[in-house]
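Below is one structure, written out as C-alpha cells; the observations come after it.
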Amino acid sequence: MSYLENTFTRFHKINPHEPEFTQAVHEVLESLEPLFARESKYEDNGILERIVEPERQIVFRIAWTDDKGRVRVNRGFRVQSNSALGPYKGGLRFHPSVCSSVIKFLGFEQIFKNALTGLAIGGAKGGADFDPKDKSPAEIMRFCQAFMTELYRHIGATIDVPAGDIGVGSREIGYMFGQYKRLTGHYEGVLTGKRPLWGGSLVRTEATGYGCVYFAQNMLKAHNKDLEGRICTVSGAGNVAIYTIEKLQQLGAIPVTCSDSRGFIWDKHGINLNTLKRLKEGANESLESYLKYRPDAVYTPVEDYPEGRNPVWSVPCELAFPCATQNELNEHDAETLLANGCILVSEGANMPSTPEAVHKFLQAKILYGPGKAANAGGVATSQLEMAQNASMQQWTFEEVDHRLRIIMENIYRQCANTAEEFGEPHNLVLGANIAGFRKVADAMIEQGVY
C-alpha cells in the first residue's frame with residue numbers, strides 16, 4: 001500500500017463519520033499522486049499525516065436569549081487548520097448544516113486556497129449551527145455577541161482573522177467586532193468583511209463573485225475565447241452569486257439564472273440585477289417575488305425539482321457558475337450541462353460539484369475552475385483588508401479591484417503551469433492542489449516538526 005493510501009486509511013479510521021471532510025481530503029490526496037511519485041521529501045517528513053490533522057479544533061456552547069426571553073443554545077466551531085504561511089484565515093458560517101465535518105472540510109480547502117493567493121495567510125474555518133433566517137435583528141445581535149464572547153480568546157490580528165461566509169455578512173461582522181472591542185479593549189483588524197466606515201475594504205463584498213469571473217476570463221483567454229455575449233447559468237442568490245452576475249454583465253455576458261433555498265429563477269433576457277439586489281440585499285425575500293418585476297421570467301419552487309437534480313443546470317448555457325453551496329451539482333447535472341454545450345464551469349462556492357461531476361468535467365476536458373482556485377478572490381481581498389488595517393489606510397475601489405484581477409490571474413497561471421508540468425494541461429484540479437500543497441508543505445518542512 002502506498003504512502004498516500006496508508007495516510008487516507010488512517011485518516012478515515014479516525015474520522016469515520018465526516019463525509020464532507022473525507023471527500024475534500026480524498027480529492028486532494030488523489031491529485032497528489034504524481035507529485036509523490038517524483039518527490040520523496042514529503043513522505044520523509046510526514047507531511048500528509050500532519051496536513052490532514054487540524055492544528056487546533058475548538059468547539060464551544062453558545063447560550064443566548066431570544067426575544068421571548070427564552071435561553072437558546074447552539075454549538076460553535078473554529079478549526080485552525082494550518083499556520084505554515086501566516087495567521088489562520090477563513091470565514092464564519094451560520095447555518096443549520098454546520099457541523100464538525102463541514103467546518104473541517106472548509107478549513108482543509110482553505111489551506112490550499114489561501115496558499116494559491118500568494119499572500120501570508122494560513123487556513124481556518126468556523127461557524128455555528130444557528131439559522132439567522134427566522135431571527136429578528138435583535139436576536140441576531142445577541143447571538144453574535146454570545147458567539148464572540150466564546151471565540152475572542154482564540155483569535156487576534158496576527159493569530160487568527162475570521163471573515164464572513166454563508167449567514168454572516170457585514171451586519172454580523174459588525175456585531176462581533178463590537179463585542180470583541182468590548183471584551184479586549186483593542187481596535188484591530190481581527191475580523192475582515194467589515195463595513196468601509198470602520199476598517200473594511202472596498203471590493204470585499206464583491207470580491208468572491210468578481211474573482212470567480214476573473215478566473216473564468218483567464219481560462220477563456222488562454223484558449224482565445226472571451227465572455228462577450230455568452231449565456232451563463234449561476235446558482236445562489238447571496239453575495240457570491242449577485243456579484244458574479246454583476247461582473248458577468250459588466251464584461252458583456254448574459255447570466256440568466258439565480259437560486260435560493262426555496263427555488264430558482266430563469267430569466268431568458270438576463271437577470272435584472274437591480275431587482276435581485278432589492279430582493280436579497282434588502283428584505284431577503286423569496287425569489288418568487290422577482291416575478292412581480294419581471295413577469296416573463298420562470299420561477300420553479302424547490303418542491304417541483306426533479307429528484308436528485310438541480311434544474312438550474314438544465315438551462316442551456318455556455319458557461320456555468322455554481323455559487324450556492326457544497327455538492328449542489330451532481331453527476332446527472334454535469335451530464336446535462338455537457339449535453340447542452342457548456343464549455344466552462346467556474347466554481348464560486350466551496351466544493352459545489354460532487355466527485356462524480358468533477359470526473360465528468362475533466363473527462364470531457366472542458367474549462368473547469370475548482371473552487372479552491374476560482375473562488376479565492378474573497379479571501380485574497382480579506383488579506384488586502386488586513387494590510388490596509390495594519391497600515392491604517394483605505395485604498396480606492398479601483399486599486400483593490402486591480403490587485404484582485406492580478407491575484408486571480410496569478411492563481412490561474414500557477415494552476416495552469418503546474419497542470420502542464422505534470423502532463424495534464426486541462427486538469428486545473430491537479431494544478432491547484434499540487435501548487436497549493438507544495439507551498440504549504442515546503443514551509444512546514446523548513447519550520448521543523450510542529
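The values are calculated or read from the model by the stated rules, or taken from the named source; none is laboratory data. Remember, predicted model here, so these are calculated numbers, not experimental data. FYI the Cβ positions are ideal-geometry reconstructions off the backbone, even for glycines, and counts take in every protein chain you see. With ligands, DNA and RNA removed, areas are computed over all heavy atoms of the protein, side chains included. Shrake-Rupley method; radii C 1.70, N 1.55, O 1.52, S 1.80 Å.
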* Would you point out which residue out of L338, L291, L287, L329 is within 23 Å of the chain's Cα centre (by Cα) and farther than 27 Å from F21 by Cβ? => L287
* Can you pull out the residues in segment 1-48 that are assigned to a loop (DSSP other than H, G, I, E, B), exposed (fewer than 13 other Cβ atoms within 10 Å of the Cβ) and touching a residue at least 40 places away in the same chain (Cβ under 8 Å)? -> H17
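Could you please let me know if T244 is β-branched (V, I, T), open to solvent by 10 Å² or more (accessible area, probe 1.4 Å) and either part of a loop (DSSP other than H, G, I, E, B) or in the same structural domain as A324 (by the TED database) (or both)?
Taking the combined requirement at face value, the residue does not satisfy it.
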* **Complete set of residues in segment 79-108 that are open to solvent by 10 Å² or more (accessible area, probe 1.4 Å) and either part of a helix (DSSP H, G or I) or free of Cβ contacts under 8 Å to residues at least 24 places away in the same chain (or both)** => S100, K104
* Looking at segment 136-191, which of the residues that are charged (D, E, K, R) and more than 21 Å from the chain's Cα centre (by Cα) is farthest from A63 (Cα to Cα)? -> E188
* Structure fact -> Among the residues of segment 126-164, the number that are in contact (Cβ under 8 Å) with a residue 40 or more places away in the chain, open to solvent by 40 Å² or more (accessible area, probe 1.4 Å) and acidic (D, E) is 2
* Output the number of the condition that L276 fails; it satisfies all remaining conditions of (1) surrounded by 18 or more Cβ atoms within 10 Å (Cβ to Cβ); (2) without any contact (Cβ under 8 Å) to a residue 12 or more places away in the chain. => (2)
* **Near pairs, Cβ below 7 angstrom, 6+ apart or cross-chain, from segment 59-76 (open to solvent by 60 Å² or more (accessible area, probe 1.4 Å)) to any residue that is of a type in the set (A, V, I, L, M) and not in a strand (DSSP E or B)** => D67/A138
* Structure fact -> Among (1) among the polar types (S, T, N, Q); (2) open to solvent by less than 10 Å² (accessible area, probe 1.4 Å); (3) more than 15 Å from the chain's Cα centre (by Cα), N114 falls short only on (3)
* List every residue pair whose Cβ atoms sit under 8 Å apart, with the two residues 6 or more apart in sequence or on different chains, where the first one lies in segment 177-188 and is assigned by the TED database to the domain that holds F143 and the second, anywhere, is open to solvent by 70 Å² or more (accessible area, probe 1.4 Å) and not charged (D, E, K, R). => Y180/H186; K181/Y187
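Could you check segment 378-401 and list, in sequence order, the residues that are touching a residue at least 12 places away in the same chain (Cβ under 8 Å), of a type in the set (A, V, I, L, M) and open to solvent by 40 Å² or more (accessible area, probe 1.4 Å)? If you could, list the steps in order and put the result at the bottom.
Taking segment 378-401 and keeping what is touching a residue at least 12 places away in the same chain (Cβ under 8 Å), we get 378-386, 388-390, 394-397, 400-401.
Keeping just the survivors that are of a type in the set (A, V, I, L, M) gives 379-380, 384, 386, 390, 400.
Answer for segment 378-401, where residues must be touching a residue at least 12 places away in the same chain (Cβ under 8 Å), of a type in the set (A, V, I, L, M) and open to solvent by 40 Å² or more (accessible area, probe 1.4 Å): just A390.
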* Structure fact -> How many residues of segment 415-433 are over 19 Å from the mean Cα position of the chain (by Cα) and either part of a loop (DSSP other than H, G, I, E, B) or in contact (Cβ under 8 Å) with a residue 40 or more places away in the chain (or both)? The answer is 7
* Extreme residue, surrounded by the fewest Cβ atoms within 10 Å (Cβ to Cβ), among residues of segment 411-431 that are in contact with a Ser or Thr (Cβ under 8 Å, 6 or more places away or on another chain) and closer than 22 Å to A120 by Cα -> G431
* Structure fact -> For segment 311-358 the number of residues that are of a type outside the set (A, V, I, L, M, F, W, C) and either in a loop (DSSP other than H, G, I, E, B) or touching a residue at least 40 places away in the same chain (Cβ under 8 Å) (or both) is 18
* To do: Evaluate segment 349-365: report whether one residue or more is open to solvent by 30 Å² or more (accessible area, probe 1.4 Å) and at positive phi.
  => yes
* For residues in segment 300-324 being under 20 Å from the mean Cα position of the chain (by Cα) and modelled with pLDDT of 95 or more, which is most open to solvent (accessible area, probe 1.4 Å)? -> A324
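Only residues that are among the aromatic types (F, W, Y), open to solvent by 10 Å² or more (accessible area, probe 1.4 Å) and in a helix (DSSP H, G or I): list them for segment 181-226, please. Walk me through it before giving the result.
The first filter runs over segment 181-226 and keeps only residues among the aromatic types (F, W, Y), leaving 187, 198, 210, 214-215.
Okay, now just the ones that are also open to solvent by 10 Å² or more (accessible area, probe 1.4 Å), so 187, 198.
W198 - this is the single residue of segment 181-226 that is among the aromatic types (F, W, Y), open to solvent by 10 Å² or more (accessible area, probe 1.4 Å) and in a helix (DSSP H, G or I).
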* **Filter result for the condition that a residue is touching a helix residue (DSSP H, G or I) at 6+ places or on another chain (Cβ under 9 Å) and within 20 Å of T325 (Cα to Cα), over A63, A84, A128** => A128
